[in-house]
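Comments concern the structure below.
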Amino acid sequence: MIPLFRPEPLTDFSLEENRKAFAQALAKVEQELGREYDLVIGGERIKTEKKIISTNPANTREVVGIVSKADQALAEKAIQTAAKTFESWKAIPGEHRARFLYKAAAILRRRKHEFSAWMVKEAGKSWAEADADTAEAIDFMEYYGREMERYAAPQPLIPYPGENNHLFYIPLGVGVVIPPWNFPLAIMVGMTTSAFVTGNTVVLKPASSTPVVAAKFFEILQEAGVPDGVVNFVPGSGAEVGDYLVDHPLTRFISFTGSREVGLRINERAAKRAPGQKWIKRVVAEMGGKDAIIVDQDADLDEAAKAIVTSAFGFQGQKCSACSRAIVVEEVYDAVLEKVVERTKALKQGDPTLQENTVGPVVDEAAFQKIMDYIEIGKKEGRLVYGGEGKSETGWFITPTIFADVDPKARIAQEEIFGPVLAFIKAKDFDHALEIANDTEYGLTGSVFTRNRAHIEKARTEFHVGNLYFNRKCTGAIVGVHPFGGFNMSGTDSKTGGPDYLLLFLQAKVASEVL
């Protein structure tokens, strides 16, 4: 009997044995850097001339891995293979498919530090951030396996005399999964396994910045016994391969996490019927945020400052849930700003292979340049009180940056920067703070620090975000505890890690028999 779901514990790095084990995992990964990884379609390993060269963002001279790159012909092969495999995979009972997830989760749990070490190298994550990423990947598999068993069980209907009625869920078909680079294991695993545990087959196009982590996880799926063709590993460019997969008439759904611009483009393309297409394609999209932490005048200012710094600069602000706006009522504005700057100055930035460095690099040169451009914009829109420096001699390092006295309509207060840049905004009172918080096109996460019960209840109904937190940080959603997904331009409110998520990859069928 499968026990009730419980979130995977995070590693306590204050213990020497855990620090030693993680260091050993890093040493193991360093011995494997620079290896080549093939496409895998229907179990066939395919090498191509074009390659994705994955480098360490903290040390750009270090090659993490070399990954073969698909073209449209191979994308077509992957779609056709997935479509053929679907005919047999859809017939596997849901509780049997769930067991593949439990097996893969067990393998990943045994190799937990190893996968975290790969993310330190390929994504520039700190030890703690990488460990949380791996734990979340395990959680997704354990949770979605149990959810599939729930949906595979008899579904309740109202009895009707003289009839036997049966409601059951069936899969959709071939899904294209396009995960992001910022949670290269957790989100990629969640998107992929939710799609195939529900009986669909998958063409997985991993993020080009972190394809090695995805290739390593694909090996776990093979070790867990997932049949060939259920998941097809097809790295490639968005322009050449991504569009082709999205447009294909055999594609039944697209599961995407990434920028608003790309998500909207996918949604638009998927809405157009291709010749021979029999269905309306589903799009599941999570597209980012411009998240805010509100600090009320009666809040615990030390806790608020701690949460702001953690939410803004954890993983260098490269999270869709990251705090990029601190909206503080004027009575405590200066005090909170001072406390946040003080805490930010204490952060240690450097090579994330060293445990003491909690702030690492941004992911690549394009991100570095984009963020530095926003910092220049910020210098014209606000008062630079800390940071603003970029160093690219060995890696893509940007100092955590704080701008004060930012107008709510400023670009750095409205546009998603996806980096370590925080805008401080002064509010006249709590109602004004809520007004400012809601005044963006996004609606993903938010946090409110207050002791005022009336303000808590007002925010509960009026702060328009998919994930709202009180008196805690606005990052760190836990599978099964905080179903995650936002409103407006933050996406389709898919609520990953929640009880209705798998329904996005299923369709209900009712069979009625006269007795």
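Taking the options A454, A459, A477, A437, name whichever one is among the aliphatic types (A, V, I, L, M), out of contact with any Pro (no Cβ under 7 Å at 6 or more places or on another chain) and closer than 27 Å to G190 by Cα. Break it down into steps so the answer makes sense when it comes.
Working: A454 fails: closer than 27 Å to G190 by Cα; A459 fails: closer than 27 Å to G190 by Cα; A437 fails: closer than 27 Å to G190 by Cα.
Selected residue: A477, the only one of A454, A459, A477, A437 that is among the aliphatic types (A, V, I, L, M), out of contact with any Pro (no Cβ under 7 Å at 6 or more places or on another chain) and closer than 27 Å to G190 by Cα.
May I ask you to list the residues in the stretch 264-295 that are within 30 Å of V332 (Cβ to Cβ) and not aliphatic (A, V, I, L, M)?
We begin by selecting, within the stretch 264-295, every residue within 30 Å of V332 (Cβ to Cβ); these are 288-295.
Hits for the stretch 264-295 are G288, G289, K290, D291.
So that you can scan it fast, the table gives a plain yes or no per residue for (1) under 30 Å from D298 (Cβ atoms); (2) of a type in the set (D, E); (3) not in a helix (DSSP H, G or I):
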position: Q316; (1), (2), (3): no, no, no
position: E338; (1), (2), (3): yes, yes, no
position: E342; (1), (2), (3): yes, yes, no
position: D373; (1), (2), (3): no, yes, no
position: L384; (1), (2), (3): yes, no, yes
position: E393; (1), (2), (3): no, yes, yes
Exactly one of K348, K339 is surrounded by fewer than 15 Cβ atoms within 10 Å (Cβ to Cβ), in the same structural domain as W396 (by TED's automatic domain parsing) and more than 23 Å from the chain's Cα centre (by Cα), and that residue is K348
Note on V406: of the conditions (1) in a helix (DSSP H, G or I); (2) over 22 Å from G476 (Cβ atoms); (3) among the β-branched types (V, I, T), unmet is (1)
Condition first: in the same structural domain as V283 (by TED's automatic domain parsing), closer than 24 Å to V359 by Cβ and surrounded by 24 or more Cβ atoms within 10 Å (Cβ to Cβ). Can you find one or more residues in the stretch 137-154 that meet it? yes
For strands (runs of 3 or more DSSP E) lying entirely in the stretch 1-63, having 2 or more residues that are within 26 Å of Q316 (Cβ to Cβ) and assigned by TED's automatic domain parsing to the domain that holds V213 picks out 51-56
All conditions in (1) within 29 Å of F505 (Cα to Cα); (2) of a type outside the set (G, A, S); (3) out of contact with any helix residue (DSSP H, G or I) (no Cβ under 6 Å at 6 or more places or on another chain) are true of E49 except (1)
If you go through A307, A299, A292, the only one that is part of a helix (DSSP H, G or I), closer than 20 Å to L434 by Cα and modelled with pLDDT of 95 or more is A307
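Table: residues versus (1) of a type in the set (D, E, K, R); (2) assigned by TED's automatic domain parsing to the domain that holds A326; (3) over 23 Å from the mean Cα position of the chain (by Cα).
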{"site": "F418", "(1), (2), (3)": "no, yes, no"}
{"site": "A427", "(1), (2), (3)": "no, yes, yes"}
{"site": "F430", "(1), (2), (3)": "no, yes, yes"}
{"site": "G446", "(1), (2), (3)": "no, yes, no"}
{"site": "R453", "(1), (2), (3)": "yes, yes, yes"}
Report task. Could you tell me whether the stretch 12-30 includes any residue that is among the acidic types (D, E), farther than 28 Å from F368 by Cα and under 26 Å from the mean Cα position of the chain (by Cα)? Result -> yes
Scanning the stretch 442-461 for residues that are assigned to a loop (DSSP other than H, G, I, E, B) and in contact with a helix residue (DSSP H, G or I) (Cβ under 8 Å, 6 or more places away or on another chain) gives T450, N452
H464 passes all but one of the listed conditions (1) part of a loop (DSSP other than H, G, I, E, B); (2) over 24 Å from the mean Cα position of the chain (by Cα); (3) surrounded by fewer than 21 Cβ atoms within 10 Å (Cβ to Cβ); the exception is number (2)
Reported set for the stretch 57-78 where residues are out of contact with any helix residue (DSSP H, G or I) (no Cβ under 7 Å at 6 or more places or on another chain), closer than 19 Å to A215 by Cα and buried (at least 18 other Cβ atoms within 10 Å of the Cβ) is P57, S68, K69, L74, K77, A78
For the stretch 200-212, pairs from a residue that is in contact (Cβ under 8 Å) with a residue 12 or more places away in the chain to a residue that is of a type in the set (S, T, Y) and surrounded by fewer than 24 Cβ atoms within 10 Å (Cβ to Cβ), with Cβ under 9 Å and 6 or more apart or across chains, are T201/T81; T201/T85; V203/T81; S208/S237; P211/Y37; V212/Y37
If you go through E331, E356, the only one that is without any contact (Cβ under 8 Å) to a residue 12 or more places away in the chain and part of a loop (DSSP other than H, G, I, E, B) is E356
Note on the stretch 245-271: residues surrounded by fewer than 21 Cβ atoms within 10 Å (Cβ to Cβ) and among the hydroxyl-bearing types (S, T, Y) are S259
Those residues of the stretch 1-60 which are touching a Ser or Thr at 6+ places or on another chain (Cβ under 8 Å) and at positive phi amount to G42
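The values are calculated or read from the model by the stated rules, or taken from the named source; none is laboratory data. Small disclaimer: the values here were computed from a predicted structure and weren't measured. Backbone-built Cβ (ideal geometry, glycine too); neighbour counts: all protein chains shown.
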